[in-house]
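So the structure is just underneath, and the comments pick up after that.
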Amino acid sequence: MSVASPAHIIPRRSVVGEEGEWCKMFDPPTASPATCELVAPTNPVPAFVAATVPGATNTIPFTIRRGLMKTTRIDMWDGNRVDFFTFDDPDIASTNGGVWPAPTIRMVRGSIFHCQVAAGGPPPHTIHWHGQEPTPMNDGVGHCSMEIGSYTYQLQPNFIGSYFYHCHRNTMQHFEFGLYGFTIVEPPDAYAQQNPALPNYAGGYPRRTAANLINFPQFPGYVPGDPVHGVAGPGGLNGLPGQPALDPHAYTVPYDVEALWVLDDRDSVWAANMKNARATFPAHGLVQPGVDDQFFKGDFHDFNPDYFFVTGVPFPGPVGSTVPCASNVVVPAELNSGVVGMQVPVNALRNQTILIRVLCAAYVFIRVTFPVDVVVIAYDGRALGVPPFNQYNHAFLVPAGTPMDLSTARRFDVLMRSSSTVSSFASVQFRHNRNNALLFTGQIPINIA
Amino acid sequence: MERRDFLKYSAGSLAALVVGSEMPWLMESNAYAAFQTPTLNFTITDAMKEMVTHNPFNDARCYFWIYKSNTPNLLPECPGPTIFTTEGDIVTITLTNNLDEPHSLYIPGIFSSGPIAPLATKTFRFRALRAGTYLYYDNLNAPVNRVMGLHGCMIVMPRATHPGHKFTPYAAPSPAVQKLFDDFGTSAHFPGLSWEQGDPATDTPAFRQYVWLCHQASPILFAEVGNFTAGLDYPAAQFANLFNNDPYVDTFNTGIMNRKPHFFTISGQSGHFAHNNPFLCPNNRVGEPVIIRVLNAGLQAHSMHIHANHVFTTSINGVVQENPLWVDTMTLYPLDVWDWTVPYIRPPDIPNIRGIGKADTPLTSITNPGIPGSVPHPVWPPTEELNTFLPPVGTLSGGLTGIDISCQLSPMCYPMHDHSEHSQGAQGGNYNCGLISGINFTGDRNTAGGVTTFPNVPTVHGPDGTGPAAG
Ligand SMILES: [Cu+2]
Ligand SMILES: [Cu+2]
């Protein structure tokens with residue numbers, strides 16, 4: 001037995017009869033199709049942004065816009081400059097040229113969401129609405145539908161929670177280089193109150209998110225729902241005699257402070273060697289696809305990150321170190337669907353309900369440890385314990401100091417509330433997915449006064 | 001499919017060996033290349049495998065050690081055949097070691113052959129004690145022999161239900177998991193079939209299940225092991241260290257590969273060959289829930305992300321979950337074995353009356369002047385999209401001499417892929433060579449008037465032919 005004379009040869013599989021799918025998976029031609037099964041959009045957010053954010057416009061009614069891709073060079077903490085691929089929002093002038101991470105998209109459950117996307121610069125691209133589940137054309141995976149061009153994506157968010165959006169073209173490069181933003185699905189009436197002087201104002205806090213807190217009475221304002229049917233009783237849309245109607249606040253809880261933690265890493269060698277958006281891209285065979293394809297020996301399977309971030313905020317330190325990020329970062333309303341005051345590090349008051357949304361956007365994995373008790377209320381945009389689909393699981397307490405692991409693209413939402421002051425950090429270990437080696441420890445300040 | 005056609009579809013892990021009690025649901029279905037066999041008879045041997053990017057201009061081969069089935073005589077593949085048996089059955093297995101060092105077959109909690117000397121043949125019996133998903137592998141000189149390719153999946157099906165309940169894949173389901181399986185096909189939010197229920201009229205097997213056995217392959221390191229002094233074990237710590245930590249080299253500019261893995265496979269396949277393979281990619285209708293058994297034989301972790309449906313993590317490493325999370329992404333560490341239960345609900349963010357995630361009455365579309373013949377109609381099933389071809393019919397690859405690469409958007413195609421995306425990067429991009437499979441929606445059991453089946457639902461078909469490249 002030896003490499004030179006093995007007992008068996010396992011031949012490569014054939015693409016005969018599937019040449020079309022084979023070629024399309026490599027390099028789908030750019031397309032700009034009309035949106036199938038078109039439904040009139042009803043998203044209230046873009047009009048609110050145009051009305052409240054200075055300089056913002058709402059060009060297409062009830063529709064947000066995204067442009068991609070831009071190239072944005074960002075200074076690292078040590079003076080190195082790294083290229084990022086970025087989105088812009090043509091309705092927000094300050095995003096011209098691209099921002100990273102892309103502006104946070106908020107949408108309300110049950111509305112019809114449209115996003116008109118124009119791809120410029122090195123094409124093509126897509127937007128995939130990670131964790132949201134529409135038809136394939138609106139799912140934004142090129143080889144399953146099309147890479148664009150331009151296109152109006154359509155979906156109806158059905159589950160309140162935390163998601164993200166990213167380019168799904170050659171994702172290993174385009175996502176790593178920064179083509180993503182966060183998505184938040186809110187209760188149906190989240191943008192209903194547009195008077196800033198009144199409670200539940202659309203542009204501020206408190207806000208509500210989905211949860212089943214039947215076992216956690218420490219969070220005031222929780223509204224339970226129908227234990228069998230969830231947010232709607234059996235009475236349907238408007239209720240029936242003796243049956244409750246659809247309640248926009250059923251299975252939701254208010255929170256006073258919101259923090260967004262998107263953990264990310266960059267590999268500056270990848271960034272330098274492979275900044276062409278088509279880098280390492282193979283070409284299908286000119287004569288006989290599946291036979292004479294031209295492959296590159298790419299580097300993209302050897303990932304070694306050396307810069308670390310939370311929601312675009314750097315952890316300024318080298319591999320191997322333990323470093324805090326800045327202690328006072330607030331996401332501007334123009335990058336947050338018009339909502340003022342979303343935080344990165346937590347700066348709150350005693351007895352406030354704090355919601356922290358955590359996403360691992362790094363290609364290595366993260367281990368998050370909170371300095372105070374938290375209650376995990378959702379994974380991947382699905383609130384634990386909310387019937388009917390999530391009646392099989394439940395929210396749970398994570399005591400202070402307990403590590404929680406997340407791998408790429410996973411999310412969880414936690415609630416935190418302290419009756420005493422806290423001046424501490426959450427620790428985020430970045431651990432390599434190939435050997436679980438500790439690469440870096442970022443610290444995110446948590447101050448409760 | 002004719003029985004005699006099974007052989008060509010039946011390489012390695014894509015074949016199911018049924019040993020012990022009969023499983024008519026498995027044998028009768030075209031979704032499995034299944035063989036009933038009284039005993040297992042494996043040879044431990046080696047193979048040179050042409051990987052996803054191998055062609056006459058691009059040498060992409062990797063050396064493996066494999067378990068090869070002799071009776072029935074299946075084509076060689078890495079991983080080895082998928083073994084199906086039933087809880088409580090006695091399994092007889094004969095192992096012949098044709099390699100130069102001692103090798104073994106080990107099933108955690110069930111069986112350990114111990115070392116089998118070179119050129120020795122031994123026969124063993126074991127009882128399949130407990131229903132569930134298992135990685136079988138060579139546990140000698142760990143992790144070398146396992147990672148070199150000596151691994152496969154064994155599925156132990158439960159023998160009976162618990163009184164008053166439906167089948168789950170488990171001997172002792174948690175109350176939550178039992179309730180989930182009881183609700184399939186019965187509750188208002190899971191209309192359609194139970195997991196245990198098939199429907200011959202719609203060619204839907206019972207106990208629908210798939211195996212995604214993930215692995216990472218290093219052609220340079222595996223060749224070093226193959227060429228190591230005969231009879232001596234390659235140093236295990238050195239193997240693990242080189243596999244994960246060999247220094248980065250600029251492959252793109254130099255063509256030199258380091259000893260890290262350069263190919264990432266699901267049940268031996270990558271990219272197109274795992275995504276568009278009906279043995280690996282579920283093709284089912286709304287209302288036909290399936291189990292996907294996900295395993296990792298390698299030394300690197302993956303972050304498995306599925307589109308179109310959140311999935312319940314019903315079992316992790318033999319522990320039926322008390323609190324089964326409903327997720328779109330799950331971490332797969334080395335040696336992990338877990339089960340995803342896919343409810344196969346209508347993708348919930350397709351517009352509907354209430355917008356609360358249920359299969360409500362779909363909204364009605366408006367006329368889209370950009371689509372010829374567009375008229376208002378219910379948005380589910382999405383007939384305009386299912387009838388769309390992208391790229392348009394007549395789009396040729398490679399200019400005028402190419403072939404038509406147009407694809408109809410039916411059945412509804414979604415991917416499942418490792419979101420720790422560097423595993424998509426073997427010699428190319430855009431998923432065509434990486435750790436990806438998928439999930440297709442072929443219809444809906446719950447549409448008005450009965451079962452709807454979308455166009456182009458695959459019968460069992462390629463890419464199963466082999467040979468040099470397109471062969
Ligand atoms: Cu892109
Ligand atoms: Cu994806």
Task: Residue match in the stretch B:298-313 (condition: surrounded by fewer than 22 Cβ atoms within 10 Å (Cβ to Cβ) and at positive phi) - done: no
Task: the stretch A:90-116, subset within 26 Å of A:Met274 (Cα to Cα) and surrounded by fewer than 24 Cβ atoms within 10 Å (Cβ to Cβ), residue farthest from ligand 1 (Cβ to nearest atom) - done: A:Asn96
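For the stretch B:17-52, what are the residues that are of a type in the set (Gly, Ala, Ser) and modelled with pLDDT of 90 or more? Reasoning before the result, please.
We begin by selecting, within the stretch B:17-52, every residue of a type in the set (Gly, Ala, Ser); these are B:20-21, B:29, B:31, B:33-34, B:47.
Within the stretch B:17-52, just B:Ala47 meets the criteria.
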Open item on the list: Considering only the stretch B:132-154, I want to know if a residue exists there that is surrounded by fewer than 24 Cβ atoms within 10 Å (Cβ to Cβ), in contact (Cβ under 8 Å) with a residue 40 or more places away in the chain, in contact with a strand residue (DSSP E or B) (Cβ under 8 Å, 6 or more places away or on another chain) and among the small types (Gly, Ala, Ser).
Closed with: no
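Among A:Gly140, A:Gly120, A:Gly79, which is within 12 Å of ligand 1 (Cβ to nearest atom) and modelled with pLDDT of 95 or more? Steps first, please.
Values: A:Gly120 fails: modelled with pLDDT of 95 or more; A:Gly79 fails: within 12 Å of ligand 1 (Cβ to nearest atom).
Selected residue: A:Gly140, the only one of A:Gly140, A:Gly120, A:Gly79 that is within 12 Å of ligand 1 (Cβ to nearest atom) and modelled with pLDDT of 95 or more.
Consider A:Asp405 carefully, then state whether it is under 30 Å from A:Gln173 (Cβ atoms) and touching a residue at least 60 places away in the same chain (Cβ under 8 Å). Working first, answer last.
Values: under 30 Å from A:Gln173 (Cβ atoms): yes; touching a residue at least 60 places away in the same chain (Cβ under 8 Å): no.
Criteria not met by A:Asp405.
Look at B:Ala274 and say whether it is within 16 Å of ligand 2 (Cβ to nearest atom), in a helix (DSSP H, G or I) and out of contact with any Phe, Trp or Tyr (no Cβ under 6 Å at 6 or more places or on another chain).
Details: within 16 Å of ligand 2 (Cβ to nearest atom): yes; in a helix (DSSP H, G or I): yes; out of contact with any Phe, Trp or Tyr (no Cβ under 6 Å at 6 or more places or on another chain): yes.
The answer is yes for B:Ala274.
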TODO: Could you please give the count of residues in the stretch B:218-260 that are at pLDDT 90 or above, outside any loop (DSSP other than H, G, I, E, B) and not acidic (Asp, Glu)?
DONE: 17
- [ ] Kindly indicate which of A:Tyr180, A:Tyr191 is within 24 Å of B:Tyr431 (Cβ to Cβ) and either surrounded by 24 or more Cβ atoms within 10 Å (Cβ to Cβ) or within 16 Å of ligand 2 (Cβ to nearest atom) (or both).
- [x] A:Tyr180
Open item on the list: For B:Ala359, only one of the following conditions fails: (1) at pLDDT 95 or above; (2) more than 7 Å from every other protein chain (Cβ to nearest Cβ). What is its number?
Closed with: (1)
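This table checks each residue for (1) facing another protein chain (nearest Cβ under 10 Å); (2) within 16 Å of ligand 2 (Cβ to nearest atom).
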position: A:Asp373; (1), (2): no, no
position: A:Val386; (1), (2): yes, no
position: A:Thr408; (1), (2): yes, yes
position: A:Asp413; (1), (2): no, no
position: A:Ser423; (1), (2): no, no
position: A:Val428; (1), (2): no, no
- [ ] Confirm whether B:Tyr431 is assigned to a loop (DSSP other than H, G, I, E, B), in contact with a strand residue (DSSP E or B) (Cβ under 9 Å, 6 or more places away or on another chain) and either modelled with pLDDT of 85 or more or within 15 Å of ligand 2 (Cβ to nearest atom) (or both).
- [x] yes
Task: B:Ser406, sole failed condition from (1) at the interface with another protein chain (Cβ under 7 Å from one of its Cβ atoms); (2) at pLDDT 95 or above; (3) in contact with a strand residue (DSSP E or B) (Cβ under 6 Å, 6 or more places away or on another chain) - done: (2)
Open item on the list: What's the total number of residues in the stretch A:156-183 that are touching a Phe, Trp or Tyr at 6+ places or on another chain (Cβ under 7 Å), within 14 Å of ligand 1 (Cβ to nearest atom) and polar (S, T, N, Q)?
Closed with: 2
Open item on the list: Which numbered condition in (1) surrounded by fewer than 24 Cβ atoms within 10 Å (Cβ to Cβ); (2) more than 7 Å from chain B (Cβ to nearest Cβ); (3) in a helix (DSSP H, G or I) is the only one that A:Val49 fails?
Closed with: (1)
TODO: Check A:Gly149, A:Gly203, A:Gly221 and return the single one that is within 16 Å of ligand 1 (Cβ to nearest atom) and not hydrophobic (A, V, I, L, M, F, W, C).
DONE: A:Gly149
Task: Scope the stretch B:268-285; condition within 10 Å of chain A (Cβ to nearest Cβ), in contact with an Asp or Glu (Cβ under 8 Å, 6 or more places away or on another chain) and more than 14 Å from A:Ser14 (Cβ to Cβ); matching residues - done: B:Gly268
Task: Counted residues, the stretch B:308-328 - those being farther than 16 Å from B:Arg346 by Cβ and not in a loop (DSSP other than H, G, I, E, B) - done: 8
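Against the definition (in contact with a Gly (Cβ under 6 Å, 6 or more places away or on another chain), of a type in the set (Val, Ile, Thr) and either within 16 Å of ligand 2 (Cβ to nearest atom) or away from chain B (no Cβ under 14 Å) (or both)), how does A:Thr86 come out, yes or no? Before you say what the answer is, go through the steps one by one.
Working: in contact with a Gly (Cβ under 6 Å, 6 or more places away or on another chain): yes; of a type in the set (Val, Ile, Thr): yes; either within 16 Å of ligand 2 (Cβ to nearest atom) or away from chain B (no Cβ under 14 Å) (or both): yes.
Criteria met by A:Thr86.
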- [ ] Take the residues in the stretch B:413-436 that are away from ligand 1 (no atom under 15 Å from the Cβ) and farther than 24 Å from A:Leu359 by Cα, then tell me which one is farthest from the other protein chains (Cβ to nearest Cβ).
- [x] B:Cys433
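The values are calculated or read from the model by the stated rules, or taken from the named source; none is laboratory data. Only a predicted model underlies this, so the values are computations on that prediction, with no experimental measurement involved. Cβ: placed from backbone, ideal geometry, glycine included. Neighbour counts: every protein chain shown.
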